[in-house]
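None of the figures in this text is laboratory data; all of them are computed from the coordinates on show. Given the structure is predicted, the values throughout are model-derived calculations rather than measurements. Don't worry about glycine lacking a Cβ; one is built from the backbone with ideal geometry, like all the others, and counts go over all protein chains shown.
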Amino acid sequence: MTIDTGAEATLVARDVEKTYAGTGEPVVALRRVSLTLAAGELVAVMGPSGCGKSTLLHVCGAMDRPTSGSVRIGQQELASLDDGALTKLRRETIGFVFQFFNLLPMLTVRENIALPRLLGGAHAPQTLADATRLAERVGLAHRLDHRPAQLSGGEMQRAAIARALVNRPALLVADEPTGNLDSANGAHILELLVALQRETGVTILLATHAEEVAALADRIVRMKDGRIEREERPHWVQPA
């Protein structure tokens, strides 16, 4: 089943399959998965470990190519892009938030946030000023010149979220963004993600094990054995 979102699509995946070949039997991670995300939607992908959640996010985020099927972001078919063009697309159109933050330890918070735009050749003073404003928005104004080792887990994830948004992406891919945090910090990060999504209109594809995380989404996609088992709306978006 696919729920009609009734809005322009940021992401369209059609009949996506992903098989990993190794020394033993090939591992089929995705089996003819089709998924559409409307602009401004927050979609949570749920399912047990090994069901294909992370693989789906990697393929939809242009970090990995599908074995078969198609993925489109905006008007761009990813299969038509070479590796250089895919790198440019990831940097300019997609933001990423991971469980383990992936901040560069030698850079300050401000520099980590600014990095994706600086790598694209943006004007450094303006980019650093924008990074400062983003840091302030996520509650890190007092940590701008600190390095990751000086931050708490929650602060590192806030910095990672700001970094993911510095290029004003159309799509934000978040793979278990609260999985390495305690419940209090996890709740704060979720509140922040939802608030930023409402403010900026960014489309979010989020993988999680936690029902309380998925409950904040516009739509929940439940996976099993590499397939989408069903899609549903959380209770808060059900018709009265």
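A few remarks follow.
- DSSP beta bridges fully contained in the chain are about 55 percent antiparallel.
- Order of Leu104, Leu192, Leu118 - criterion: other Cβ atoms within 10 Å of each residue's Cβ, fewest first: Leu104, Leu118, Leu192
- Sorted into 5 angstrom bins from 0, the C-alpha pair distances of segment 1-100 split as 2, 11, 22, 24, 21, 13, 4, 1, 0 percent.
- Residue order, fewest to most beta carbons within 10 Å, for Cys60, Cys51: Cys51, Cys60
- Proximal aspartates and glutamates relative to Lys18, as straight alpha-carbon distance under 14 Å, when same-chain residues fewer than 8 apart are discounted: Asp64, Asp225
- Rounded to whole Hz, the Karplus (6.51, -1.76, 1.60) HN-Hα couplings of segment 140-151, x for glycine and proline: 10, 4, 7, 10, 4, 9, 8, 9, x, 4, 8, 9
- Projecting the Cα atoms of Gly47, Val166, Gly69 onto the charge dipole of the chain (Cβ charges, centred on the Cα centre) puts Val166 farthest toward the positive pole.
- Rounded to the nearest 20, the Cβ-based charge dipole of the chain about its Cα centre (Lys and Arg +1, Asp and Glu -1) stands at 300 debye.
- Dipole size of segment 88-133 about its Cα centre, with +1 on Lys/Arg Cβ and -1 on Asp/Glu Cβ: approximately 100 debye, rounded to the nearest 20.
- Distance between the C-alpha centres of segment 94-133 and segment 13-57: 28 Å, rounded to the whole angstrom.
- When each of Arg117, Arg32 is scored by the number of other beta-carbon atoms lying within 10 Å, the sequence from fewest to most is Arg32, Arg117.
- Size of charge dipole - segment 24-152 - debye, nearest 20, with Cβ of Lys, Arg +1 and Asp, Glu -1, no other charges: 160
- Helix-derived mean residue ellipticity, 222 nm - over the chain, DSSP H n ≥ 4, -39500 (n - 2.57), to 500: -10000 deg cm²/dmol
- 0 to 90° range, to nearest 10: angle between helix 83-93 axis and the chain longest Cα axis: 60
- For segment 96-129, applying the loop criterion from DSSP together with a ceiling of 14 other beta carbons within 10 Å to the chymotrypsin sites (Phe, Trp or Tyr not before Pro) yields Phe100.
- The chain: angle of helix 183-200 to the longest principal axis, Cα-based, in degrees nearest 10: 90
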